[in-house]
Amino acid sequence: MKLSDTLCRDTCRIISVVGGGGKTSAIFTLAREAAAMGKSVLVTTTTAMFNPVEFNPLEFNPVEFNTDIPPEKKKHFYNRLYTGPATALPTETCGPGGILVAAAGINRKKKKLIGYPPKDLRTAFTAQAFDLVLIEADGARMRPVKAPAEHEPVVPQETDTLIGCIGLDCLDRPIDDTHVHRPALLAKISGQTVGDPVTAQTLIRLAASEQGLFKPVHQATPAPMKRVLLLNKADSRQLILRGKGLGETIVGAGWADQCLVTRLNETQMPVKAHIAG
């Protein structure tokens with residue numbers, strides 16, 4: 001099963017991705033799948049994300065649109081990078097099957113793209129120039145799981161679908177800086193102590209808490225966002241089963257609308273289990 005089988009529907013146009021391990025991989029996997037369906041895709045961030053020219057999740061043409069490229073040649077670049085003001089997004093160059101990655105700038109030392117404030121993206125949202133908009137709206141410092149601080153995540157209010165990511169490799173690991181981004185906050189949400197192991201109950205409480213993985217849903221106005229729990233790094237049969245059990249509990253309790261258990265390093269059929277509400 002592919003991500004696009006459940007996430008490339010008419011009701012899913014602006015998707016924000018938050019949480020821990022798998023955000024960038026999920027975004028580019030879904031972007032590839034959507035483009036293969038003939039959709040035009042915008043990938044951007046409100047925080048920061050790895051520069052895809054360095055990360056290379058696509059067959060990426062490392063062209064930046066603040067360089068002098070004649071307009072008649074721009075249309076030949078289908079996977080491309082734009083850096084500059086959001087109001088000047090070159091939407092006319094991203095046709096069916098095209099992927100445009102847009103950012104305010106590049107931090108070349110960290111090899112990361114610099115995000116836009118959500119308000120700067122409203123022009124791109126309202127213009128409806130893209131069939132699908134994918135936004136990396138959170139940071140986790142490459143940890144598989146995180147709890148959000150007061151100012152996190154940075155989710156545009158226009159978001160209709162919120163994907164919350166957790167790497168299943170966090171299970172049975174200690175709640176500490178090595179395995180968790182903001183361990184003290186996760187311990188508080190889960191009713192544990194820093195140093196305790198991450199258990200299934202830890203992740204259930206993270207998904208259920210109003211200050212947890214789906215925090216923006218509890219703050220959304222006027223309409224709530226659909227909640228998709230994405231449990232990545234299901235790299236063994238045991239982890240697939242544990243992920244499926246987690247998904248059934250969380251979706252069954254109404255804390256998420258659906259759950260995808262994934263192995264995103266498998267590009268053909270990355271979804272290993274799907275639990276729908």
>> Quick check on my filter: what residues within the stretch 24-40 are in contact with a Phe, Trp or Tyr (Cβ under 9 Å, 6 or more places away or on another chain) and surrounded by fewer than 22 Cβ atoms within 10 Å (Cβ to Cβ)?
In response: THR24, LYS39, SER40
>> So, in the stretch 92-122, exactly how many residues are surrounded by fewer than 19 Cβ atoms within 10 Å (Cβ to Cβ), within 24 Å of LEU7 (Cβ to Cβ) and in contact with a helix residue (DSSP H, G or I) (Cβ under 8 Å, 6 or more places away or on another chain)?
In response: 1
> Just checking, how many residues over the stretch 135-162 are assigned to a loop (DSSP other than H, G, I, E, B) and closer than 19 Å to THR262 by Cα?
Replying inline: 4
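Of the residues that sit in the stretch 125-138 and are small (Gly, Ala, Ser) and surrounded by fewer than 23 Cβ atoms within 10 Å (Cβ to Cβ), which one is modelled with the highest pLDDT? Give the derivation first.
Taking the stretch 125-138 as the starting set, the residues that turn out to be small (Gly, Ala, Ser) are 127, 129, 137.
Of the ones still in play, those that are also surrounded by fewer than 23 Cβ atoms within 10 Å (Cβ to Cβ) are 127, 129.
On the way: ALA127: 75, ALA129: 78.
Among those residues, the one meeting the criterion is ALA129.
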>> Which pairs turn up if I take residues in the stretch 149-167 that are farther than 16 Å from CYS12 by Cβ and look for partners that are assigned to a loop (DSSP other than H, G, I, E, B) and aliphatic (A, V, I, L, M) with beta carbon separation below 6 Å, at least 6 apart in sequence or on another chain?
In response: PRO153/ALA137; VAL154/ALA137
> Does at least one position in the stretch 188-198 carry a residue that is more than 20 Å from GLY252 (Cα to Cα) and surrounded by 24 or more Cβ atoms within 10 Å (Cβ to Cβ)?
Replying inline: yes
> In the set LEU260, LEU206, which member is modelled with pLDDT of 95 or more and over 19 Å from ALA147 (Cβ atoms)?
Replying inline: LEU260
>> Quick check on my filter: what residues within the stretch 253-276 are more than 18 Å from ALA208 (Cβ to Cβ) and not in a strand (DSSP E or B)?
In response: ARG263, LEU264, ASN265, GLU266, THR267, GLN268, MET269, PRO270
> Do we have LYS244 as at pLDDT 95 or above, touching a Ser or Thr at 6+ places or on another chain (Cβ under 9 Å), of a type in the set (Lys, Arg) and not in a loop (DSSP other than H, G, I, E, B) here?
Replying inline: no
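Step by step: first the residues of the stretch 216-233, then only those that are out of contact with any strand residue (DSSP E or B) (no Cβ under 8 Å at 6 or more places or on another chain) and either within 19 Å of ILE250 (Cα to Cα) or modelled with pLDDT of 95 or more (or both), then the one that is surrounded by the fewest Cβ atoms within 10 Å (Cβ to Cβ). Which residue is that? Working first, answer last.
Step one: filter the stretch 216-233 for residues out of contact with any strand residue (DSSP E or B) (no Cβ under 8 Å at 6 or more places or on another chain), giving 218-224.
Pick out the ones that are also either within 19 Å of ILE250 (Cα to Cα) or modelled with pLDDT of 95 or more (or both) and you get 218, 224.
On the way: HIS218: 11, PRO224: 15.
Out of the qualifying residues, it is HIS218.
Taking the condition of being outside any helix (DSSP H, G or I) and more than 26 Å from LYS226 (Cα to Cα), how many residues in the stretch 163-197 meet it? Steps first, answer last, please.
Our first condition is that a residue be outside any helix (DSSP H, G or I); within the stretch 163-197, this holds for 163-167, 171-182, 191-197.
Keeping just the survivors that are more than 26 Å from LYS226 (Cα to Cα) gives 172-179, 191-197.
Counting residues in the stretch 163-197 that are outside any helix (DSSP H, G or I) and more than 26 Å from LYS226 (Cα to Cα) gives 15.
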>> I need every pair where a residue in the stretch 185-203 that is closer than 19 Å to GLU150 by Cα and among the charged types (D, E, K, R) has its Cβ under 8 Å from the Cβ of a residue that is modelled with pLDDT of 95 or more and surrounded by 18 or more Cβ atoms within 10 Å (Cβ to Cβ), sequence separation at least 6 or different chains.
In response: LYS188/ALA147
>> Can you tell me which condition GLU210 does not meet? The list is (1) without any contact (Cβ under 8 Å) to a residue 60 or more places away in the chain; (2) in a helix (DSSP H, G or I), and all the others hold.
In response: (2)
> Hey, among the residues in the stretch 5-20 that are of a type in the set (A, V, I, L, M) and part of a strand (DSSP E or B), which one's surrounded by the fewest Cβ atoms within 10 Å (Cβ to Cβ)?
Replying inline: ILE14
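The values are calculated or read from the model by the stated rules, or taken from the named source; none is laboratory data. Not measured: the values here are computed from a predicted model. All Cβ positions, even for glycine, are placed from backbone atoms using ideal geometry, and neighbour counts span all protein chains on display.
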